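Comments concern the structure below.
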Amino acid sequence: MSFQTDLFKGKTAVVTGGTQGLGHGVAEALARLGARVIAVGLPSSDAPPAGVEVVTVDVTHAENVAAFAATLDRVDILINCAGVIFRQEEFKLPVFERVLDINLTGTMRVCEALQPQLARAQGCIVNTASMLSFFGGGLVPAYSASKGGVAQLTKSLAIAYADAGIRVNAVAPGWIATPLTQALQNDPARASRILERTPLKRWGTPADVAQAVVFLCSPAAAFMTGVVMPVDGGYMVT
C-alpha cells in the first residue's frame with residue numbers, strides 16, 4: 001500500500017531545494033502519488049515536474065522562510081533537500097559558514113517555521129543527510145560537518161516533535177548522479193574507485209532516493225522516527 005497511486009491525495013508537501021537535483025526527483029515522486037507539492041528554493045533552469053508549484057525561498061533568510069510559512073495553513077509533509085557543496089573551497093571560513101547556514105541551519109529554520117502546520121496535520125519531516133554523516137570527507141569539511149549535524153538534528157527533532165505527532169526521519173544518500181556530483185562523475189579515476197567500492201556497481205539516481213523518501217512519508221513507516229536511512233547501494237558496508 002506504500003506506493004498506491006493516490007497515496008498522498010489531499011496532502012500538501014513542501015520540498016526545499018525542490019527545483020533541482022534530489023529535491024526535483026522527490027517533488028516529482030510525491031506529485032505522482034497525488035500530493036499538492038510546493039517546491040521551494042532559488043530559481044533553476046530545470047523545468048518543474050508536472051503538477052509542482054514553485055516558490056522562490058532563500059532558506060538562509062529567516063524572514064523569507066517565515067513569510068512563506070505564513071502562506072500555508074497545513075503541511076502534511078516537509079522534505080528538506082536544500083544543500084550545497086564547495087569541496088576544497090570549504091577550508092575558507094566564509095565558505096564553511098555558508099555551507100552550514102544552508103545545509104544545517106537552513107534545515108532547522110524551515111522545520112521550526114512549519115512546525116505548527118505540521119502539528120495540525122500530524123505530519124512528517126524527511127531531512128537529507130549523507131553517507132558523510134557517518135564518516136569524514138577530507139576535501140569537504142563543511143559539507144561533512146553540516147550533514148553530521150543534520151543526522152543529529154533529525155534525531156533531536158524526532159524527540160522534540162513527538163508529542164505534537166510529527167515524525168522526523170532522514171535519508172542518507174550515497175553517490176547519486178546529480179549536478180552536485182558531476183565533477184566526480186566526469187573524473188574517470190575517481191568514478192572508478194567509487195563504483196568499485198559500491199556493491200551494486202552503479203551511481204544512484206534521484207528516483208532511488210525519492211522512493212526511500214516516499215516510504216518514510218507513508219503509513220508503512222508510521223512507527224518510525226529518528227531514523228537516518230542510508231540509500232547508497234551498499235557503499236557504507238564495504
With a 10 Å radius around each residue's Cβ, average the other Cβ atoms per peptide and rank 223-234, 78-89, 5-16, highest first.
78-89, 5-16, 223-234
√(5λ) per eigenvalue of the Cα gyration tensor, segment 144-191, largest first, Å:
33, 10, 7
Calculate the translational D of the chain in whole µm² s⁻¹ from Stokes-Einstein, where the hydrodynamic radius comes from the Kirkwood formula applied to all Cα pairs, the temperature is 10 °C and the viscosity 1.306 mPa s.
89
Can you pull a Stokes-Einstein diffusion coefficient for segment 174-238 at 20 °C (1.002 mPa s), Rh from Kirkwood over Cα pairs, as a whole number of µm²/s?
164
Once the Cβ-Cβ distance between residue 236 and residue 61 is put in as r, and R0 is 30 Å, what FRET efficiency do you end up with, to the nearest 0.05?
0.30
By how many degrees, between 0 and 90 and to the nearest 10, does the Cα long axis of helix 141-160 differ from the longest principal axis of the chain?
30
Need one number: the % of Cα-Cα pairs in segment 42-93 sitting beyond the 13 Å mark.
74
Amide H within-cut-off set for residue 37, under 5 Å, with H built and near neighbours excluded
13, 53
For segment 1-52, what D do you get in µm² per second when you plug the Kirkwood radius from alpha-carbon pairs into Stokes-Einstein at 10 °C and 1.306 mPa s?
147
Report, by chain and number, residues whose modeled amide H sits under 5 Å from the one on residue 231, excluding near sequence neighbours (fewer than 5 apart, same chain).
172, 174
Given q = 0.14, 0.20, 0.25 Å⁻¹, what are the Debye log10 I(q)/I(0) values for segment 116-175, with equal point scatterers placed on the Cα positions and solvent ignored?
-0.43, -0.70, -0.91
Sort the following peptides by mean Cβ neighbour count (other Cβ atoms within 10 Å, averaged over residues), highest first: 24-32, 214-222, 140-148, 188-196.
24-32, 140-148, 214-222, 188-196
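Where a number appears in this text, it was derived from the coordinates with a stated rule and is not lab data. Please read these numbers as outputs of a predicted model, since none were measured by experiment. Don't worry about glycine lacking a Cβ; one is built from the backbone with ideal geometry, like all the others, and counts go over all protein chains shown.
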